[in-house]
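Before any comments, here is the structure.
Read-outs: derived from the displayed coordinates by stated rules, not from any lab. Remember, predicted model here, so these are calculated numbers, not experimental data. When we count neighbours, we look across all protein chains shown, and the Cβ atoms used for this are built from the backbone with ideal geometry, even at glycine.
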Amino acid sequence: MRHFLIDTDTASDDAVAIIMALRHPDVRVVAITTVAGNVDVQQSTRNALYTVELCGAKVPVHVGAEKPLIRSYQNATWFHGRDGLGDHGYPAACEGASATHAVDAIIDAAEAYPGLVIVTLAPLTNVALAVAKRPSIAGKISRCVVMGGAPSCEGNVTPAAEYNIWVDPEAARIVLRSDLPIELIGWHLSRGDAVLNELDIAKIQEFDTKLSNFAIECNSHARKAYKVQTDEDGISLPDPIAMCLALDPGVGTRWSSHYADVETDSELTRGMTVIDRLNVADDERNRTTWDPVIRKGRKVRVCWTLDNSKWKEALCAALRQ
């Protein structure tokens, strides 16, 4: 049995990712931690509690950071709806959140479950605070799967940056420069053939389970926003793709490891994930700038492509139950 901790700013695609983990037979989700991102942290917590209850699961949900480390908080309700779940009026869950703060919950889980897999679906504020408070936990994490970044340099909130990294670039830099074993699942993987098209959506709707109906309904607002954003029609699910790769890295068809850093100074490229794909960071002309990353000696594993058929099969397996 593998142990997962999910850090989330629970909106529509996050909810589907949580379902995938909770319904997987080989995974026990030991904690869910919430953070401000797509929606404020209280709404994120409410959405996480509702999703857990919908799955009939018992998982503690811990409230985390209300804002980025130093930046002003900027939500993504324009994409996911005011409540993050498409504004369909879902009720509050019966259970409440844990009294333990998310940062302490991350530390406690790392200590209690050596080999823990952390899956982040949100700005990295909670994780940055956890590794800053207890750096030793990095050595107890087997994988830290991060949905974030635009390693191919096509952002979704600026031309250079993906939302999760852009919201709190300082936190992202701390995490990428830490000793955590980072696997970066960029926004590019949720584009093109990975998007749920009309046939995919119809197939899921035919399951007619509470989870399949919820997964399609709660992403209705996001589908419209994605069409405006990219001119692609369908449901794009970056967080469930990250969860799919956390559950089965073999769904990724091309991976490679590189030095990586996050831009924090420039407003033009704020939050850009800079990947040393051609391995030139250690060249003489770049060495001074990249010294803090190179000195650590740890590279980030980046997924470049995935098997879209396997990804959609994994999603259907979770939703048809």
Compactness relative to 2.2 N^0.38 Å, alpha carbon Rg of segment 170-225: 1.63
For 98, 236, order by how many other beta-carbon atoms lie within 10 Å, fewest first: 98, 236
Burial order of peptide ranges 221-228, 262-269 (average beta-carbon count within 10 Å, highest first): 221-228, 262-269
Angle between the chain longest axis and helix 12-22 axis [Cα atoms, degrees, rounded to 10]: 90
Label of the coordinate-derived value, semi-axes √(5λ) of the Cα gyration tensor in Å, listed as (i) 28, 22, 19; (ii) 58, 21, 16; (iii) 47, 21, 18: (i)
Considering only segment 2-319, percent of DSSP beta bridges that pair antiparallel, nearest 5: 25
In range of the label at residue 265: residues from segment 56-74 whose backbone nitrogen is under 19 Å from the point 7 Å along Cα→Cβ: 70-71
Spin-label pair residue 248/residue 278, simplified geometry with 7 Å Cα→Cβ offset, distance in nm: 3.6
Mean residue ellipticity (222 nm) of the chain, computed from DSSP H runs ≥ 4 via -39,500 (n - 2.57), nearest 500: -11000 deg cm²/dmol
Ranking of 87, 276 by count of other Cβ atoms within 10 Å, fewest first: 87, 276
Linear extension gain, residue 289 paired with residue 217, 0.36 nm per residue minus alpha-carbon span: 21.3 nm
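Sort 1-9, 106-114 for me by packing, meaning the mean count of neighbouring Cβ atoms within 10 Å per residue, highest on top.
1-9, 106-114
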Where labels lie 7 Å past Cα in the beta-carbon direction, separation of residue 136 and residue 313 in nm: 4.4
Cross-link partners of residue 133 among lysines (Cα-Cα below 27 Å; sequence separation of 8 or more within a chain): 67, 296, 299
Nearby lysines by direct alpha-carbon distance to residue 210 (threshold 18 angstrom, same-chain neighbours under 8 apart not counted): 58
Pairwise FRET efficiency - residue 88 versus residue 230, Cβ, R0 = 30 Å, nearest 0.05: 0.80
Charge dipole magnitude, Cβ of K and R +1, D and E -1 - the chain, Cα centre, debye nearest 20: 700
Peptide ranges 212-219, 284-291 listed from the most packed, as the mean C-beta count within 10 angstrom indicates: 212-219, 284-291
Cα-based helix-to-principal-axis angle, 220-230 vs the chain, degrees rounded to 10: 40
